[in-house]
Amino acid sequence: MNHEDARDLQEVLARIQALSAAGEVRVTQHGQQEMAEEDTTLGEVLQAIAAGQVLENYPDHRRGPCCLVYGRTVRGRPLHIVCTSVQPVVIVITVYEPRPPKWVTPTQRG
């Protein structure tokens, strides 16, 4: 990753964190289902975003620019959040706890 890409990801993350801290967050129906299956609260999602980093950026996604954010809750639970990155609100598309075999660690794909 070059310096410009890293700066862009920091700007994307800063935007997502600012919007989520301001309560500008919506969760899709799919996101709500995943949160229920994973027994995850919106508070945990917001904690993970606040402490997060962008693992993957999808600027050309068919549903609009979005990214994969990894963060931990205040209790240390790792979460992945796929959310929009350019809307006036953060739209949470899905939430899950990264686990093998798809994820070797919370930041490394299997």
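Using the Cα coordinates of the stretch 43-110, the gyration tensor eigenvalues translate into equivalent-ellipsoid semi-axes of 20, 15, 8 Å, sorted from longest to shortest. Applying 0.36 nm per residue to the separation of Q87 and A18 and subtracting their alpha-carbon distance, the gain on full extension is 23.6 nm. Residue-wise HN-Hα couplings along the stretch 10-19, as the Karplus relation 6.51 cos²θ - 1.76 cosθ + 1.60 with θ = phi - 60° gives them from phi, are 5, 5, 4, 4, 4, 5, 4, 5, 5, 5 Hz; Gly and Pro carry x. For the chain, the 222 nm mean residue ellipticity estimated from helices alone, with every DSSP H stretch of n ≥ 4 adding -39500 (n - 2.57) and the total spread over all residues, rounds to -11000 deg cm²/dmol. Could you tell me the center-to-center distance, by alpha carbons, between the stretch 9-23 and the stretch 32-67 in angstrom? The two parts, judged by their Cα centres, are 12 Å apart. Label separation (R26 vs E38): 2.1 nm, computed from points 7 Å beyond Cα along the C-beta direction.
Taking label points 7 Å from Cα along the Cα-to-Cβ direction, A6 and R63 give a separation of 3.1 nm.
From the largest down, the stretch 1-90 spans 37, 28, 23 angstrom on the principal axes of its Cα atoms. Exposure proxy for V92, V86, V25: other Cβ atoms within 10 Å of each Cβ, ordered fewest to most, give V86, V25, V92.
Only the coordinates and a few stated rules stand behind these numbers; no lab work does. Everything quoted here is computed from the prediction, not taken from an experiment. Backbone-built Cβ (ideal geometry, glycine too); neighbour counts: all protein chains shown.
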